[in-house]
1. List, please: which pairs have Cβ atoms under 9 Å, are six or more places apart or on different chains, and start with a residue in the range 39-57 that is farther than 22 Å from E74 by Cβ and touching a residue at least 60 places away in the same chain (Cβ under 8 Å) and end with one that is of a type in the set (D, E, K, R) and outside any loop (DSSP other than H, G, I, E, B)?
2. For the range 202-236, what are the residues that are loosely packed, with under 15 Cβ neighbours inside 10 Å, part of a helix (DSSP H, G or I) and not charged (D, E, K, R)?
3. From the list V120, V128, which one is closer than 27 Å to S174 by Cβ and of a type in the set (V, I, T)?
4. I need the full set of residues from the range 237-249 which are crowded, with 19+ Cβ neighbours inside 10 Å and either part of a helix (DSSP H, G or I) or of a type outside the set (D, E) (or both), in order please.
5. Can you pull out the residues in the range 90-121 that are free of Cβ contacts under 8 Å to residues at least 60 places away in the same chain and either out of contact with any helix residue (DSSP H, G or I) (no Cβ under 8 Å at 6 or more places or on another chain) or more than 28 Å from F260 (Cβ to Cβ) (or both)?
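The values are calculated or read from the model by the stated rules, or taken from the named source; none is laboratory data. Note that the structure is a prediction, hence the values are computed from the model and not measured. When we count neighbours, we look across all protein chains shown, and the Cβ atoms used for this are built from the backbone with ideal geometry, even at glycine.
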Amino acid sequence: MSIEQKMKQNGPFAYQTFGRGKDLVLIHGWGVNSTIWEPVVKQLSDHYCVHLVNLPGFAGEPELEAYTLENIAETLLAYLPEKAVWCGWSLGGLIATHIAYHYPARVEKLIQVCSALKFVEEGQWQGVETSVFSAFKLGVTKQPQKTVNRFLSTLAMGSNTVKTDIATIKQLMSEQIGAKPSALLGGLVLLDEVDLRQEFSQLTMPSLTILGEQDNLVSVVNKEKLAELSSINQQVIFQQSSHAPFISEPILFHQVLISFIGSQKQ
């Protein structure tokens with residue numbers, strides 16, 4: 001990648017930074033790693049100091065004894081900037097929201113990308129059926145890589161550019177170190193069990209929720225309930241995207257983030 005890059009090490013964990021300016025932390029979702037952000041890193045690094053982190057147990061990073069939101073948060077906060085804009089995609093959005101609630105002094109602004117406060121359906125709250133997570137848990141236990149590959153094919157289903165999006169995702173992940181089964185299973189448990197609606201309603205920093213109109217994993221229908229939970233939350237709907245708008249509509253994604261964060265182009 002032809003941009004200014006630095007590798008940083010903190011204990012057993014390593015992470016990458018690109019560019020200069022306001023600190024922007026990008027947290028990937030389940031089944032992938034920080035390489036998934038490559039389509040937008042160059043553009044964002046023209047304005048910010050972008051920190052690409054891999055979650056514990058992903059891309060060769062050490063595993064956690066207990067895969068909890070608190071343990072993940074403590075691991076990331078130990079080596080990331082004291083104050084930053086936190087942007088999390090899918091599972092990464094849960095983690096960023098948890099950090100925003102429990103460590104508000106560390107989060108200047110929060111960005112959730114196709115991330116639900118509660119991923120499982122409940123009453124009027126639209127979400128994934130519990131049986132879907134149960135099937136993925138079983139798959140990870142028996143055939144982890146095959147299960148991840150099947151998941152990657154669903155990330156862009158419904159988008160206007162589904163074929164090229166899936167090809168891009170698989171190409172980005174093709175030569176990456178696979179996640180540890182314990183991290184995959186631990187992540188699925190979080191997606192299945194965590195509910196951060198109450199915590200989200202108490203956040204005081206600016207927040208932005210990006211949703212894909214065609215997303216089959218995180219329903220855009222919940223946008224009205226998000227507005228009820230937080231009057232200060234901004235929402236942007238990507239009309240041509242499914243679950244990975246930064247891949248389906250990278251130019252718009254870049255523009256939306258700059259509009260929300262503010263530009264500090266060097």
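1. Filtered contacts from the range 39-57: H47/K22; Y48/K22; Y48/D23.
2. Correct list: V221, A227.
3. None of the others qualify; the one that does is V128.
4. Matches in the range 237-249: F238, S241, S242, H243, A244, P245, F246, I247, S248.
5. A105, E121
Listed here are the residues, each with its yes/no results for (1) in a helix (DSSP H, G or I); (2) under 21 Å from E193 (Cα atoms); (3) touching a Lys or Arg at 6+ places or on another chain (Cβ under 6 Å); (4) at pLDDT 95 or above.
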residue: K6; (1), (2), (3), (4): no, no, no, no
residue: R20; (1), (2), (3), (4): no, no, no, no
residue: P39; (1), (2), (3), (4): yes, no, no, yes
residue: N71; (1), (2), (3), (4): yes, yes, no, yes
residue: I95; (1), (2), (3), (4): yes, yes, no, yes
residue: L110; (1), (2), (3), (4): no, no, no, yes
